[in-house]
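Chemist: Here it is: the structure, laid out below.
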Amino acid sequence: MREIWYVRRGLARVGLGGLFLGTTLATGWQLWWWSPIFGQFGAYMFSVSLFHIMEFIMTALFNPHTLTYDSYLLNHSREYHMALVASILEYIFEAVWFPSLKRMYLVCVIGIIMSFIGQVIRSTAMFQAQSNFTHQIAETKRENHKLVTSGIYR
């Protein structure tokens, strides 16, 4: 196989990550708006996909030199993947054994609004920090790094 599939900056890996997230985002949107049974799960898929896409976009805007497949944060941690699987299993369990829980539309709407507000706050923070925000933990201060103390960081 070619290197583009294996290196973190490989265009094929970045492209497949984007394809996966775009497909998940679109599927979530369709389920959210058109499925009476899986609408809530579609909203969940949409929100999670949007988060990962926005992480990549904000990194691309302000730290293009650090941009890799990892910028999607899809490979965040084992615990993150376990939480995603647990949330899907919880949805399936509730939909099968307690379907009345899936008819609480007000709770769903509140959750969607909270997710949207959280994404706006996170994206605003990344926008204001610009190149001073990265996903990599720094052990030493970079020369061009400055502490952001204005806007959302006050």
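The values are calculated or read from the model by the stated rules, or taken from the named source; none is laboratory data. Because the structure is a prediction, the values reported are computed rather than measured. Positions of Cβ are backbone-derived with ideal geometry, glycine not excepted, and every protein chain shown enters the neighbour counts. These area figures cover heavy atoms from the full protein model, side chains too; ligands, DNA and RNA do not enter into them. Shrake-Rupley method; radii C 1.70, N 1.55, O 1.52, S 1.80 Å.
Yes/no per residue for (1) free of Cβ contacts under 8 Å to residues at least 24 places away in the same chain; (2) in contact with a His (Cβ under 8 Å, 6 or more places away or on another chain); (3) among the acidic types (Asp, Glu):
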{"position": "Thr23", "(1), (2), (3)": "yes, no, no"}
{"position": "Tyr44", "(1), (2), (3)": "no, no, no"}
{"position": "His52", "(1), (2), (3)": "no, no, no"}
{"position": "Thr59", "(1), (2), (3)": "no, yes, no"}
{"position": "Asp70", "(1), (2), (3)": "no, yes, yes"}
{"position": "Ser77", "(1), (2), (3)": "yes, no, no"}
{"position": "Leu84", "(1), (2), (3)": "no, no, no"}
{"position": "Ala95", "(1), (2), (3)": "no, no, no"}
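Chemist: Please list, ordered by first then second residue, the pairs with beta carbon atoms under 8 Å, 6 or more apart or interchain, first in the stretch 137-154 and under 30 Å from Ile117 (Cα atoms) and open to solvent by less than 100 Å² (accessible area, probe 1.4 Å), second at pLDDT 80 or above and of a type in the set (A, V, I, L, M).
Modeler: That search, which allows pairs on different chains as well, returns Val148/Ala129; Ile152/Ile121; Ile152/Ala125; Tyr153/Ala125; Tyr153/Ala129.
Chemist: Within the stretch 81-93, identify whether any single residue is among the hydrophobic types (A, V, I, L, M, F, W, C), at pLDDT 90 or above and under 29 Å from Ala129 (Cα atoms), and answer yes or no.
Modeler: Yes, some residue in the stretch 81-93 is among the hydrophobic types (A, V, I, L, M, F, W, C), at pLDDT 90 or above and under 29 Å from Ala129 (Cα atoms).
Chemist: Picking from Ser87, Ser77, Ser123, which residue would you name as being over 30 Å from Leu11 (Cβ atoms) and open to solvent by less than 80 Å² (accessible area, probe 1.4 Å)? Can you show your working first?
Modeler: On the way: Ser77 fails: over 30 Å from Leu11 (Cβ atoms); Ser123 fails: over 30 Å from Leu11 (Cβ atoms).
Exactly one residue qualifies, and that residue is Ser87.
Chemist: Sticking with this structure for a sec: Within the stretch 36-50, is there a residue that is open to solvent by 70 Å² or more (accessible area, probe 1.4 Å), touching a helix residue (DSSP H, G or I) at 6+ places or on another chain (Cβ under 6 Å) and of a type outside the set (Lys, Arg)?
Modeler: Let us first name the residues in the stretch 36-50 that are open to solvent by 70 Å² or more (accessible area, probe 1.4 Å), namely 36-38, 44.
Narrowing the set further to residues that are touching a helix residue (DSSP H, G or I) at 6+ places or on another chain (Cβ under 6 Å) leaves 38.
Imposing the further condition that a residue be of a type outside the set (Lys, Arg) reduces the set to 38.
Yes.
Chemist: Name the pairs whose Cβ atoms lie under 7 Å apart, with the first residue in the stretch 117-136 and of a type in the set (Ser, Thr, Tyr), the second at pLDDT 90 or above and assigned to a helix (DSSP H, G or I), and 6 or more positions between them or separate chains?
Modeler: Ser123/Met54; Ser123/Met58
Chemist: Continuing with the same structure: For the stretch 90-100, give me each residue that is open to solvent by less than 70 Å² (accessible area, probe 1.4 Å) and either under 24 Å from Met54 (Cβ atoms) or not small (Gly, Ala, Ser) (or both).
Modeler: Tyr91, Glu94, Pro99, listed by residue number.
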